[in-house]
Amino acid sequence: MSFTLHGSGAGGGIAIGQAHLISSARLEVAHYAIAPEHIELEVMRFSVAVEHVRAELQALRRSVPASAPTELGAFLNLHLMILDDSTLSHAPRELIRSLHCNAEWALVAQMDHLVAQFEKIEDPYLRERKADVVQVVERVLKVLMAQPGRASGAPAHEESLIVVAHDLSPADMILFKQHQYAGFVTDLGGVTSHTAIVARSLNIPAIVGAHTARQMVREGELVIVDGVHGVLIVAPDELVLEEYKQRQRELELARQKLKRIRTTPATTRDGTAVDLHANIELPQDIEQVRESGATGVGLFRSEFLFLNRDDLPGEDEQFEAYRQVAQAMHGMPVTIRTLDLGADKTVNSSARSGPNPAMGLRAIRLCLAEPQMFLTQLRAILRASNYGKIRLLIPMLAHAHEIEQALAMIAQSKELLDEQNLPYDRGIQIGGMIEVPAAALALGVFVRKLDFLSIGTNDLIQYTLAIDRTDDSVSHLYNPLHPAVLHLIAHTIRTGARMRVPVAVCGEMAGDVTLTRLLLGFGLRQFSMHPANLLEIKQQVLRTDLAKLAQLANRILRVEDPEKAQQLLDKLNA
Ligand code: PEP
Ligand code: MG
């Protein structure tokens, strides 16, 4: 039976494909069809892996010293029990036989089933034991994936699959850059959560906050993801399917047409130049940046280099990543934001998340608390600045002393490099993100001490309106047009212009075509966004006459009624 679910569109476009239910990208494995004559071999491959893990766990248990806490032995016993339970050691064999699928796929499918059972348990202690099931499965998967005799076969076509998950962390999401799925749907997540931001950077249709999708959609079911309107249609009838296929063709045509303005300079009708830069998470995103015609990288979220690993990347490894981006941009500006870890992006080794992580030890606060980690990054960025036009951007500043301490650490890193005769750009520009309301309200010290500012509207809205950007239950209150938000943005842009300190916007508002004219009307001349949005924004810039904007933008700033603000915005965009 066909039904529809609503969430928030997190990536434009329309995708049509088969639902693929997953629990974690870490456990995302290839799906192979196994030929009937190889089924028993595949079952044996699974049995060998289980035996291997059993031997591993038994050896670990034997090696536990008598003086070790008793919990350690109990923990290993529990994992051995889980491994020996028929729901994990036998059920996947039956799945291989009945579905003719590879062992990894069968194991993860069975794990998903077990995890769902655990989630129904009321007792919180027992419910949390699902984490142990996942850990045991991870062990078996590791062995399976390292086996030389892995079954071969035609991999399932990822391009026709739509990933459906309950929740995905930004770290999970970034792993999908190695895949080619047609679309994404998650039950949880706000539209400017980092999970949604990475989904958007994959440039495929996506929906977050779809509430019960993971529970209601079945594996393999035909679904339509409308990432523009945040609508998921499950098992559509022929008529609906045809209509969406038609819309899909129209959108693709429009996308192709936009490519014609790739190299056209972004200037308004009256000849004012506007910088359109791109946001990236990893060096590999640069190809997409170049295809978009961006004239710089306005935000490199460097913390993504730190996710999905057990150790921290060292100075040389970071240097290589930053240098690669700087060189690939051939002298165009590359703005590297120093680590914004904490909140929804955590590394294993800095498990410092407090009771309210978005307001806790995040970004520059964490860097100042971990000076060694910060110095390592600063040295790497400075060294890379010798290979292009790098700018350094500090996130989440609120206090004058944070600016001073950050600048002192940059000066210290320069001295260390000087002592070693290592070259760096001595004129490197240092900027600060304006994403805490306190910063926008007390700009004096920012414009005096820093070379440029970049408004992070995602956090500025989160902190101004007291809305957790990762929480879909309050996402209806997340409104960029709230007068307080617009006031802070306009004030920052205008103060920057008056004091001759360049101001950019690098939050999601910069890539929202309905807000381009409003921001231009406030005086903004630098936008940084996902490469996928860039040509649409450029088209809007090309169609805009600045002279007509300022007055209407000012009126929008003064109205208190959001409906009236929306009406005026529609007029501005007409
Ligand atoms: C922002 O807050 O708007 C921003 C650009 O940074 P991030 O989304 O990574 O927090
Ligand atoms: Mg931010």
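The values are calculated or read from the model by the stated rules, or taken from the named source; none is laboratory data. Everything quoted here is computed from the prediction, not taken from an experiment. Don't worry about glycine lacking a Cβ; one is built from the backbone with ideal geometry, like all the others, and counts go over all protein chains shown. Protein only, heavy atoms only, side chains kept; ligands, DNA and RNA dropped before computing areas. Shrake-Rupley method; radii C 1.70, N 1.55, O 1.52, S 1.80 Å.
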| request: Can you tell me which residue among Asp172, Asp112 is crowded, with 16+ Cβ neighbours inside 10 Å, assigned to a helix (DSSP H, G or I) and in the same structural domain as His211 (by TED's automatic domain parsing)? | output: Asp172
| Would you pick out the residues in the stretch 117-146 that are open to solvent by 20 Å² or more (accessible area, probe 1.4 Å) and touching a residue at least 60 places away in the same chain (Cβ under 8 Å)? | Val134, Glu138, Arg139, Val143, Met145
| query | Has the stretch 262-272 got any residue that is more than 30 Å from Asn308 (Cβ to Cβ), touching a Gly at 6+ places or on another chain (Cβ under 8 Å) and not polar (S, T, N, Q)? | reply | yes
| query | Hey, any hits in the stretch 504-512 for a residue that's under 21 Å from the mean Cα position of the chain (by Cα) and open to solvent by 20 Å² or more (accessible area, probe 1.4 Å)? | reply | yes
| said: Tell me the residue from Ile467, Ile493, Ile455, Ile428 that is open to solvent by less than 50 Å² (accessible area, probe 1.4 Å), more than 16 Å from ligand 1 (Cβ to nearest atom) and closer than 27 Å to Pro531 by Cα, please. | reply: Ile428
| query | In the stretch 393-405, which residue that is within 16 Å of ligand 2 (Cβ to nearest atom) and either in a loop (DSSP other than H, G, I, E, B) or of a type in the set (A, V, I, L, M) (or both) is farthest from Arg337 (Cα to Cα)? | reply | Ala398
| note | Restricting the stretch 464-481 to residues that are in a helix (DSSP H, G or I) and free of Cβ contacts under 8 Å to residues at least 60 places away in the same chain, the one nearest to His277 (Cα to Cα) turns out to be Thr464
| note | Counting only residues in the stretch 470-490 that are open to solvent by 10 Å² or more (accessible area, probe 1.4 Å) and β-branched (Val, Ile, Thr), the one farthest from ligand 1 (Cβ to nearest atom) is identified as Val474
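Each row is one residue, and each column tells you yes or no for (1) touching a residue at least 60 places away in the same chain (Cβ under 8 Å); (2) assigned by TED's automatic domain parsing to the domain that holds Ala10; (3) open to solvent by 20 Å² or more (accessible area, probe 1.4 Å).
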position	(1), (2), (3)
Arg498	no, no, yes
Thr514	no, no, yes
Phe522	no, no, no
Ser528	yes, no, no
Leu542	yes, no, yes
Ala547	yes, no, yes
Ala550	no, no, yes
Arg555	no, no, yes
| field | Of residues in the stretch 436-452 being in a loop (DSSP other than H, G, I, E, B) and more than 12 Å from ligand 1 (Cβ to nearest atom), the one most open to solvent (accessible area, probe 1.4 Å) | value | Asp451
| task | Read through the list (1) open to solvent by 10 Å² or more (accessible area, probe 1.4 Å); (2) at pLDDT 95 or above; (3) assigned to a helix (DSSP H, G or I), then give the number of the only condition that Lys538 fails. | result | (1)
| query | Could you list, in sequence order, the residues of the stretch 347-377 that are within 16 Å of ligand 2 (Cβ to nearest atom), open to solvent by 10 Å² or more (accessible area, probe 1.4 Å), closer than 20 Å to Leu312 by Cα and in contact (Cβ under 8 Å) with a residue 24 or more places away in the chain? | reply | Arg365
| request: Look through Ile455, Ile461, Ile381 and report the one residue that is at pLDDT 95 or above and more than 16 Å from ligand 2 (Cβ to nearest atom). | output: Ile381
| Considering only the stretch 216-265, how many residues are among the aliphatic types (A, V, I, L, M) and part of a helix (DSSP H, G or I)? | 9
| remark: Filtering the stretch 378-401 down to residues that are open to solvent by less than 30 Å² (accessible area, probe 1.4 Å), away from ligand 1 (no atom under 16 Å from the Cβ) and either within 11 Å of Lys449 (Cβ to Cβ) or of a type in the set (S, T, N, Q) (or both) yields Ser385
| said: Would you confirm, using the coordinates I've provided, whether Val513 is under 27 Å from Gly12 (Cβ atoms), among the β-branched types (Val, Ile, Thr) and assigned to a helix (DSSP H, G or I)? | reply: no
| message | With the structure loaded, tell me whether His179 is open to solvent by 10 Å² or more (accessible area, probe 1.4 Å) and over 18 Å from the mean Cα position of the chain (by Cα) or whether it fails that test. | response | no
| message | I'd like to know if the stretch 409-416 contains one or more residues that are under 29 Å from the mean Cα position of the chain (by Cα) and either within 21 Å of Val447 (Cα to Cα) or more than 16 Å from ligand 2 (Cβ to nearest atom) (or both). | response | yes
| said: Just to be sure before I move on: is Ala408 in a helix (DSSP H, G or I), closer than 20 Å to Gly342 by Cα and either in contact (Cβ under 8 Å) with a residue 24 or more places away in the chain or of a type outside the set (Ser, Thr, Tyr) (or both) in the structure I sent? | reply: no
| task | Filter the stretch 175-197 for residues that are modelled with pLDDT of 85 or more and farther than 13 Å from Ala10 by Cβ and give the result. | result | Tyr181, Ala182
| message | Regarding the stretch 315-334, can at least one residue be identified that is within 16 Å of ligand 2 (Cβ to nearest atom), of a type outside the set (Ser, Thr, Tyr) and assigned to a strand (DSSP E or B)? | response | no
